[in-house]
Amino acid sequence: MPLRSVRTRGVPRDTVHHPLFARYYARVSVSAETRMGMARVRRRLLAGLSGRVIEVGAGNGLNFSHYPGTVSEVVAIEPERVLRQLAVEAALRAEVPVDVAPGAAEALPVKSEAFDAAVVSLVLCSVRDVPRALAELRRVLRPGGQVRFFEHGRGGGRAMTFTQRALDRTLWPPLAGGCHLSREPVAALREAGFTLGPYRQVMMPEHGPALPSSYCVLGTAWRPF
């Protein structure tokens, strides 16, 4: 398969800097594609997309190989330098055009109403300002544009939610690149003014003991007309 060109855009400095976590995440996420069934989740997340797509928090670019050929362009925003370089390498192998760019979810470096769809995958847990990030998604989507999301958050019974909140107040964010375990992505999307479409709860891993990070949701939302 011929390699496609990939463009990167310059910015004065990185908005996120977690080099140790980024290297750890890059290794773990690749093994999770098969061991935890993440490749299957990514295919479901992206199936049926078309037109111009913005992916916010692209990480090391593992979604790129799952975009369908009906997508004309992916603009992939990744603020962390180590992960962004890996995303550039993944973009060169992708079957659709991918433009990897630095930037923060709270201030996307793109024009308003420029995209047919937006993708957030394990991103809302770590952005600094969730309402502002979702307001940016609304800004850059055309009216009627859709958001595809796969996020983890609050789940389980009282003991698990207590554990998630305790970890969020102490060890988890500094150890996990700013990630939070007890956020509620579906509620956040609704509060940001998106129309919720179908979504389903997903446990990751699908089999085995439930971890504080296991409670995920996969679904679709739309920017109203």
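The values are calculated or read from the model by the stated rules, or taken from the named source; none is laboratory data. Worth saying up front: this structure is predicted, and the values here are computed from it rather than measured. Positions of Cβ are generated from backbone atoms using ideal geometry, with glycine treated the same way; all protein chains shown enter the neighbour counts. Each accessible area value is taken on the protein alone, full model and side chains, heavy atoms only, with ligands, DNA and RNA left out. Shrake-Rupley method; radii C 1.70, N 1.55, O 1.52, S 1.80 Å.
Answer yes or no: is there a residue in segment 173-183 that is open to solvent by 30 Å² or more (accessible area, probe 1.4 Å), under 26 Å from Glu80 (Cβ atoms) and either in a loop (DSSP other than H, G, I, E, B) or at pLDDT 95 or above (or both).
Within segment 173-183, one or more residues are open to solvent by 30 Å² or more (accessible area, probe 1.4 Å), under 26 Å from Glu80 (Cβ atoms) and either in a loop (DSSP other than H, G, I, E, B) or at pLDDT 95 or above (or both).
I'd like the full set of residues that are modelled with pLDDT under 95 and on the phi > 0 side of the Ramachandran plot, limited to segment 184-218.
Gly208
Spot the failing condition for Pro198; the list is (1) under 29 Å from Arg23 (Cβ atoms); (2) part of a strand (DSSP E or B), and only one is missed.
Going through the list (1) under 29 Å from Arg23 (Cβ atoms); (2) part of a strand (DSSP E or B), Pro198 breaks only (1).
Return the only residue of Arg44, Arg7 being modelled with pLDDT under 95 and surrounded by fewer than 19 Cβ atoms within 10 Å (Cβ to Cβ).
Residue meeting the stated conditions: Arg7.
Which of the following residues is farther than 21 Å from Leu141 by Cα and touching a residue at least 24 places away in the same chain (Cβ under 8 Å): Ala91, Ala104, Ala114?
From the options Ala91, Ala104, Ala114, the qualifying one is Ala91.
Evaluate segment 157-165: report whether one residue or more is hydroxyl-bearing (Ser, Thr, Tyr), under 19 Å from the mean Cα position of the chain (by Cα) and at pLDDT 95 or above.
No, segment 157-165 contains no residue that is hydroxyl-bearing (Ser, Thr, Tyr), under 19 Å from the mean Cα position of the chain (by Cα) and at pLDDT 95 or above.
What's the number of the condition Glu136 fails, among (1) under 12 Å from Ile54 (Cα atoms); (2) open to solvent by 20 Å² or more (accessible area, probe 1.4 Å); (3) in contact with a helix residue (DSSP H, G or I) (Cβ under 8 Å, 6 or more places away or on another chain)?
It is condition (3) that Glu136 fails.
Tell me whether segment 21-32 contains one or more residues that are under 22 Å from Cys125 (Cα atoms), assigned to a helix (DSSP H, G or I), modelled with pLDDT under 95 and in contact with a strand residue (DSSP E or B) (Cβ under 8 Å, 6 or more places away or on another chain).
Looking for residues that are under 22 Å from Cys125 (Cα atoms), assigned to a helix (DSSP H, G or I), modelled with pLDDT under 95 and in contact with a strand residue (DSSP E or B) (Cβ under 8 Å, 6 or more places away or on another chain), one finds at least one in segment 21-32, hence yes.
Taking the conditions exactly as written (part of a helix (DSSP H, G or I) and at negative phi), does Gln164 satisfy them or not?
Against the criterion (part of a helix (DSSP H, G or I) and at negative phi), Gln164 qualifies.
For Ala159, work out the one condition from (1) open to solvent by 70 Å² or more (accessible area, probe 1.4 Å); (2) small (Gly, Ala, Ser); (3) within 16 Å of Ser121 (Cα to Cα) it doesn't fulfil.
The one condition Ala159 does not meet is (3).
Among what's in segment 47-63 and is outside any strand (DSSP E or B), open to solvent by less than 50 Å² (accessible area, probe 1.4 Å) and of a type in the set (A, V, I, L, M, F, W, C), pick the residue that is nearest to Gly144 (Cα to Cα).
Ranking the candidates gives Leu49 first.
Which ones in segment 128-181 are in contact with a strand residue (DSSP E or B) (Cβ under 9 Å, 6 or more places away or on another chain), within 24 Å of Asp116 (Cα to Cα) and among the small types (Gly, Ala, Ser)?
Ala133, Gly144, Gly145, listed by residue number.
Yes or no: segment 204-223 includes at least one residue that is touching a residue at least 24 places away in the same chain (Cβ under 8 Å), more than 28 Å from Tyr24 (Cα to Cα) and either of a type in the set (S, T, N, Q) or in a helix (DSSP H, G or I) (or both).
Yes, the conditions are met somewhere in segment 204-223.
Please note which strands (runs of 3 or more DSSP E) are completely contained in segment 64-131 and include at least 2 residues that are more than 18 Å from Val41 (Cβ to Cβ), modelled with pLDDT of 95 or more and open to solvent by 10 Å² or more (accessible area, probe 1.4 Å).
The qualifying strands (runs of 3 or more DSSP E) are 71-77.
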